[in-house]
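A.B. asks: Take a look at this one; I'll ask things after.
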Amino acid sequence: MQTDEVNLKKRAESAAEKKAAFGEDFELGKFEEGSRVSKPIEDLQTLDEESKRTLFQVGVIPSEEGRSGSLLVLDNAVSHSSLKDKNIELTSTQKALKKYEWLKDYSWKLVAVDTDKYTAKTYLENADGYFVRVPAGKKSSMPVQTCLMLNSKKVYQTVHNIIIVEEGASLDIITGCTSRKGVEEGIHMGISEMYVKKGATLNFTMIHNWAEQIGVRPRTVVHVEEGGTYVSNYICLKPVRSVQMYPTVKLEGKGAVTRLNTIAIAHPGSELDLGSRAIFNAPDTKAELVSRTITIGGRIIARGEMIANSKGAKGHLECKGLVLTDKGSQLAIPILEANVDDVELTHEAAVGKIAKDQVEYLMARGLTEDEAVGMIVRGFLDVGIRGIPEELKNEIENTITQTAFGM
């Protein structure tokens, strides 16, 4: 074993019991390791109807219509991988690491193995996941779709993903994270390291749809070079026990840009600790962090952080939350830090209820109260997310309607 690997292993072992900075502390020993073996699935359309519906609910289309490629992880095993677009590369992380010696220079370089017990566990388990690469100057003709599914009861899932978009290239990814029907309890740990090279673009959409007793601990860091663009959309609208995530985007090249959108609904019994962080390490970089959250009985903590370390940085942080019942709670925590002059960082945070006069205005124009509330909620959650399939749009519409009636 090489020196770097020995050091990483020691660091991970030292953090095996390290609590995360935020969120509920899960005792990992209560969960069994998810299976690393799965019967290969040649065609996603051969799945049973319930499984296909589960995929649809997180934006993954079994027919692969309108998709460049697909990869499915069941528990801890990559069970399906297919590719139609020759401009991109899609395979399992472990296969890619065996194929490319140079990939070691990207693996576990952005996310620290000793961040907490969840990163340590994922490293020590030598987790698999998806590897996506777009060569310089190439563009994905259609989005790549990936799905990470908890397939067994009371297990833990460890996933390690690496995405590399080379110079001048472009990629769209839709990732769905979910649990099979009947799997009510478990924990998901997902490590994602993303590299956006000079002048490249990565659009990344993540949809979560878990069961009510699932713990979710994603750990994501993105490295954006000169003139690169990273856009993230995160959607979580269904009940889940606990989600804690704080993706970090490092703007490392002049003129790098990022935008992170978050829309979430916290149901009774759910705690969503959602954040995003942008670090401006190069001149003339820009970031926009937008959060729209609703509680109908659960707890939401919306964090947003911007750290300007270079001149010409411009960033805006927007956290807005609605409280639709007396039992829910919202906490907005905006953080702005400027370590040099000639930067412009702003924030806008607001937490409250739906204004009565807005409802009355719409009712005066012929809408029922439920329709008026639904329209307001729908508009509130609209942050301009594009590229999701019609089936998922319908699911979102149904969830919004149920939220309005649930008041």
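The values are calculated or read from the model by the stated rules, or taken from the named source; none is laboratory data. Predicted model, so just to flag it, every value in this text is computed and none were measured. No Cβ is skipped: glycine too gets one built from the backbone with ideal geometry, and neighbour counts run over all protein chains shown. Remember, those area values only see protein heavy atoms, side chains included, never the ligands or the DNA or RNA. Shrake-Rupley method; radii C 1.70, N 1.55, O 1.52, S 1.80 Å.
A.B. asks: At a Förster radius of 41 Å, what calculated FRET efficiency corresponds to the Cβ-Cβ distance of E212 and A338, to the nearest 0.05? Intermediate values should be presented prior to the final figure.
C.D. replies: Details: r = 41 Å, r/R0 = 1.01.
Once the sixth-power term is evaluated, E becomes 0.50.
A.B. asks: Calculate, in nm to one decimal, what E17 and S35 gain on full extension: separation in residues at 0.36 nm each, minus their alpha carbon distance.
C.D. replies: Full-extension gain reported as 4.2 nm.
A.B. asks: Per residue, how much accessible area does the chain show when a 1.4 Å probe rolls over the protein heavy atoms, in square angstrom?
C.D. replies: 43 Å²
A.B. asks: Go through 125-136, 248-259, 10-21 and give me the packing order, highest mean Cβ count within 10 Å leading.
C.D. replies: Output ranking for 125-136, 248-259, 10-21: 248-259, 125-136, 10-21.
A.B. asks: Let me ask something else. As I understand it, the dipole of the range 239-283 uses +1 on the Cβ of Lys and Arg and -1 on the Cβ of Asp and Glu, about the Cα centre. Which of V240, G255, S270 lies farthest toward its positive end?
C.D. replies: Looking along the dipole axis, the top candidate is G255.
A.B. asks: By average Cβ neighbour count within 10 Å, what is the ranking of 111-120, 81-90 from highest down?
C.D. replies: Numbers: 111-120: 21.4, 81-90: 17.4.
Highest to lowest by the protection proxy: 111-120, 81-90.
A.B. asks: Let's test the formula: R0 of 51 Å, r as the Cβ-Cβ distance of E371 and K99. What FRET efficiency results, to the nearest 0.05?
C.D. replies: Numbers: r = 55 Å, r/R0 = 1.07.
Using R0 = 51 Å, I get an efficiency of 0.40.
A.B. asks: Quick one: net charge of I300's neighbours, Cβ under 13 Å, K/R +1, D/E -1?
C.D. replies: +3
A.B. asks: Using alpha carbon centroids, what distance separates the range 327-355 and the range 283-300, in Å?
C.D. replies: Between the Cα centres of the range 327-355 and the range 283-300 lies a distance of 9 Å.
A.B. asks: Below 15 angstrom from the Cβ of S107, what's the summed charge of the other residues (Lys, Arg +1; Asp, Glu -1)?
C.D. replies: Result for the neighbourhood of S107: +2.
A.B. asks: Please give the peptides 324-332, 39-47, 205-213 ranked by average Cβ packing (other Cβ atoms within 10 Å per residue), highest first, as a rough proxy for protection.
C.D. replies: Taking the mean over residues of other Cβ atoms within 10 Å, the ranking is 205-213, 324-332, 39-47.
A.B. asks: Tally Lys and Arg at +1 and Asp and Glu at -1 over the other residues with C-beta under 10 Å from the C-beta of D128: what net charge comes out?
C.D. replies: +1
A.B. asks: Please label the shape of the range 33-137 as rounded, prolate or oblate, based on the square roots a ≥ b ≥ c of the eigenvalues of the alpha-carbon gyration tensor (a/c under 1.5 means rounded; beyond that, a/b larger than b/c means prolate, else oblate). If you can, show how the numbers build up before the last one.
C.D. replies: On the way: a/c = 2.11, a/b = 1.32, b/c = 1.59.
Cα axes put the range 33-137 in the oblate bin.
A.B. asks: If R₀ is 30 angstrom, what is the calculated FRET efficiency for the pair K181 and S82, using the beta carbon separation as r and rounding to 0.05?
C.D. replies: 0.80
A.B. asks: Within the accessible area of the range 3-360, what % is carbon and sulfur when the probe is 1.4 Å and the other protein chains stay in place?
C.D. replies: Ligands and nucleic acids excluded, carbon and sulfur reach 46 percent.
A.B. asks: When the dipole is taken about the Cα centre of the chain, and only Lys, Arg (+1) and Asp, Glu (-1) are charged at their Cβ, what size is it in debye, to the nearest 20?
C.D. replies: Its charge dipole is roughly 540 debye.
A.B. asks: May I pose another question? Between K10 and K327, what is the spin-label point distance in nm, taking each point 7 Å from the Cα along the Cα→C-beta axis?
C.D. replies: The modelled label-to-label distance comes out at 5.1 nm.
A.B. asks: Under 5 Å between amide H atoms, partner at least 5 residues away or on a different chain: which partners does R219 have, H built in plane at 1.01 Å?
C.D. replies: Here the answer is G190, I191, S192, since their amide H atoms fall under 5 Å of that of R219.
A.B. asks: Let a ≥ b ≥ c be the square roots of the eigenvalues of the Cα gyration tensor of the chain; is it rounded (a/c under 1.5), or, if not, prolate (a/b larger than b/c) or oblate?
C.D. replies: Values: a/c = 1.44, a/b = 1.20, b/c = 1.21.
Because its axes are fairly even, with a/c under 1.5, the chain counts as rounded.
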